[in-house]
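Single-structure report; data block below.
The values are calculated or read from the model by the stated rules, or taken from the named source; none is laboratory data. Remember, predicted model here, so these are calculated numbers, not experimental data. For neighbour counting, all protein chains shown are included, and Cβ atoms are generated from backbone atoms with ideal geometry for every residue, glycine included.
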Amino acid sequence: MPTNPSWLEPSPPWLEPASATLCADLGVLPGDVPLVEVLSAPCTVQEVVAIRAGRYVPLFGLGSTKAEATRALANIARAYGPDADPRGADHAMDLAMHAKVGPGPLRALAQGAIDGSVPVQYAELALAYVQLLGAGDSLRERVARELVGPKSTAAELALALGAGGGDYGSYREHYGALSSSSVNDHAAVRLARAWFDFVLARRFVGIDGVHAIVHSARLDPASLWLAATADLVNGDETARARMAEIAESVIAEVSSIVPRMLSVVARELAEVLNHPLGLRYQHLRCAAARDHAAVSIRAWLTAATESEPEDALQDAPTRDLGPEPSRAGRAAIEARTAAGEFLLDWFVPDRDARDAVDAFARRTLRLYHRLRGAQSLARVERSERPPGGMLTAMERVVWGTTVAR
């Protein structure tokens, strides 16, 4: 960790006063806008203005220290505490990065984890922070890219980068990231790739791959939950109960810090489990439409690139030869080279069926990352739990007045 971080020179940007125009629009005096380090419960109007004005300290903005790790835990606790603001999670997510600072604190955190000057669990906490708060693909992947480096977190970072695509419909690109990851032989990464194979690429061999990994490898609870969602798509009636049981067990590990997280997960789980028979039907429609489209496209590519039979050329009247290959032929050759089997396995012209399955995948992956964040948070909380005695103000936000061992 550098002694004089660039984001603190010559003065931290979050110390700049709030814009008078912004304060006037929201009916707040500039002098009443605080510097936000830990959120209130519920958030005040002044704090909301401060966040919009950039008067907040971002995640690990004051250095990769134990105090900053506790502050991150405190903001998570305030986001999902008993008195949390309805938009507390959104406000806490805004604290992940600062527009004028960028990813500098996270890069320093990753470098410290690599050289051993910073505990690796702090990097885990930074990723768990955005995962648990329900960040979209863009923010989660941006944080993960900055944290790439420590070997012990490589699999978690690979899943944060690759197990996504719901926000912009870029599932194929994310599948490619999972396949090309340096830890693509890790059990959790292989399971996520098999899940993509079955649910989104509609390769039914993927469900066999999911089952093989579940029975042969030791998986974390969030991965077992993802495997159960594949069984749900496959029509397994017992999958719903397993999904609920696993999710409840994961959240129970952090319920003392984030008591409202159970209701959030329950609501999102209900959305995932909605109309399982309809989901099964739409998934089968996707597979049928993909197979039909693949056969048609392959037939067109073959017809567009093959030359005329020699007999037809001999019997044809004398004529000027056209340009060879034709524009259609060249396009077909390029398309076949670019697509191969990969594109054809993902192309589904039936939009209604495709949208239904893609929406299920988007909700599933969002909850999957929440559960992964809860797992990581539980590990970090145990390691950072004070031994007892007098607690600081931020420690009391996380652990209350007493600390259970």
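Matching residues to (1) outside any helix (DSSP H, G or I); (2) within 25 Å of Val118 (Cα to Cα); (3) touching an Asp or Glu at 6+ places or on another chain (Cβ under 6 Å); (4) assigned by TED's automatic domain parsing to the domain that holds Met261:
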residue	(1), (2), (3), (4)
Phe360	no, no, no, yes
Leu365	no, no, no, yes
Tyr368	no, no, no, yes
Glu381	no, yes, no, no
Gly388	yes, yes, no, no
Val397	no, yes, no, no
Per the list (1) at pLDDT 60 or above; (2) over 19 Å from Val199 (Cα atoms); (3) in contact with a helix residue (DSSP H, G or I) (Cβ under 7 Å, 6 or more places away or on another chain), residue check on Arg336 breaks on (1)
Per the list (1) modelled with pLDDT of 90 or more; (2) surrounded by fewer than 22 Cβ atoms within 10 Å (Cβ to Cβ), residue check on Gly31 breaks on (1)
One residue is enough: does the stretch 66-80 have a residue meeting the conditions among the aliphatic types (A, V, I, L, M), touching a residue at least 40 places away in the same chain (Cβ under 8 Å) and in a loop (DSSP other than H, G, I, E, B)? no
Qualifying positions in the stretch 192-241 - farther than 17 Å from Tyr175 by Cα and under 19 Å from the mean Cα position of the chain (by Cα): Leu219, Asp220, Pro221, Ala222, Leu224, Trp225, Ala228, Thr229
Matching residues in the stretch 91-115 (assigned to a helix (DSSP H, G or I) and either of a type in the set (A, V, I, L, M) or free of Cβ contacts under 8 Å to residues at least 12 places away in the same chain (or both)) number 9
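Looking for whichever is modelled with pLDDT under 95 and either in contact with a Pro (Cβ under 9 Å, 6 or more places away or on another chain) or buried (at least 18 other Cβ atoms within 10 Å of the Cβ) (or both) here; the options are Pro276, Pro259. Which one fits?
Sole residue among the options that is modelled with pLDDT under 95 and either in contact with a Pro (Cβ under 9 Å, 6 or more places away or on another chain) or buried (at least 18 other Cβ atoms within 10 Å of the Cβ) (or both): Pro259.
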The lone condition Phe60 fails out of (1) touching a helix residue (DSSP H, G or I) at 6+ places or on another chain (Cβ under 7 Å); (2) touching a residue at least 60 places away in the same chain (Cβ under 8 Å); (3) on the phi < 0 side of the Ramachandran plot is (3)
Enumeration of residues in the stretch 135-181 that are among the small types (Gly, Ala, Ser) and in contact with a Leu (Cβ under 9 Å, 6 or more places away or on another chain): Ala144, Gly149, Ala158, Ala160, Gly162, Ala163, Gly164, Gly165, Gly166, Ala177, Ser181
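Could you run through the stretch 100-140 and say how many residues are charged (D, E, K, R) and in contact with a helix residue (DSSP H, G or I) (Cβ under 7 Å, 6 or more places away or on another chain)?
4
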Just for the stretch 7-28: of the residues that are modelled with pLDDT under 85 and part of a loop (DSSP other than H, G, I, E, B), which one is nearest to Gln46 (Cα to Cα)? Gly27
With the first residue restricted to the stretch 359-376 and required to be modelled with pLDDT of 95 or more, and the second required to be surrounded by 24 or more Cβ atoms within 10 Å (Cβ to Cβ) and of a type in the set (Lys, Arg), Cβ contacts under 9 Å at 6 or more apart or on different chains are His369/Arg140
Exactly one of (1) more than 22 Å from Leu73 (Cα to Cα); (2) surrounded by fewer than 23 Cβ atoms within 10 Å (Cβ to Cβ); (3) not hydrophobic (A, V, I, L, M, F, W, C) is unmet by Pro119. Its number? (1)
